[in-house]
Amino acid sequence: MLWLTYWFGLWLGIGKPLAAHVIWAEVLRYTVMAVMMDVFISAMVLPGFRYVRFDRLRPHDTPAPLPPADTPEPPLAVTPEKPRISDLTVNGRRIPLNALRYMKSVEHYVEFVLDTEVLTERCTLRDLVAQTGAEDGIQPHRSYWVSRREISRLGRRDGNAVLILKDGTEIPLSRHRKTEVAAWLDHAATDRSQA
């Protein structure tokens with residue numbers, strides 16, 4: 001770039017020929033600027049693209065290709081039912097589901113409220129909920145999981161929806177999960193009446 005600028009200037013008659021040491025000083029200056037820009041982009045800009053995967057992107061305006069009309073539909077895949085568990089496993093400790101009333105997430109810890117005691121372990125509520133099934137209980141709020149056998153009814157406290165447990169404990173109910181919890185309670189009531 002520097003040489004092109006130099007020769008273009010000479011061709012237009014703008015300046016006199018530069019000495020060799022001036023040209024190499026300019027080359028060094030441009031090189032340092034390019035290296036600094038490369039370091040800046042590598043350190044500051046590229047880490048922001050660490051989780052971007054361009055192979056998953058598709059243009060929004062092109063629909064997915066349809067299978068040919070004469071091809072039979074593939075059979076539905078049957079997913080195996082998750083086996084029913086009797087205990088939660090947390091950091092090598094087994095917590096019996098039949099004694100668990102509810103779990104409460106507090107920062108990086110989960111508080112387990114059992115029939116006879118309260119335990120605290122360092123873990124995530126999401127991992128524990130993944131061990132349970134819909135027949136075991138429900139997560140009415142991102143920080144709580146409640147056992148099915150402990151839920152008495154839905155209620156309100158200060159204008160907010162809550163789950164009221166059999167012992168009177170009130171568990172907050174997220175606005176986003178209210179319909180899901182109500183449907184789950186209806187389904188649980190139907191199961192109890194049929195049993």
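The values are calculated or read from the model by the stated rules, or taken from the named source; none is laboratory data. Model, not experiment: these values are computed from the prediction. Positions of Cβ are generated from backbone atoms using ideal geometry, with glycine treated the same way; all protein chains shown enter the neighbour counts. Each accessible area value is taken on the protein alone, full model and side chains, heavy atoms only, with ligands, DNA and RNA left out. Shrake-Rupley method; radii C 1.70, N 1.55, O 1.52, S 1.80 Å.
Here the accessible area of the stretch 90-188 is 45 percent carbon and sulfur, with a 1.4 angstrom probe and all protein chains present. Of the GluC sites (Glu not before Pro) in the stretch 112-165, the ones in a loop by DSSP (not H, G, I, E or B) with at most 13 other beta carbons within 10 Å are GLU117, GLU135. For the pair GLN131 and ARG175, label points projected 7 Å from Cα toward Cβ lie 3.4 nm apart. Taking 0.36 nm per residue of separation and subtracting the current Cα-Cα distance, fully stretching the chain between GLU121 and ARG157 would add 10.0 nm.
Computed from label points 7 Å out along Cα-Cβ, the spacing between ALA34 and LEU46 is 1.7 nm.
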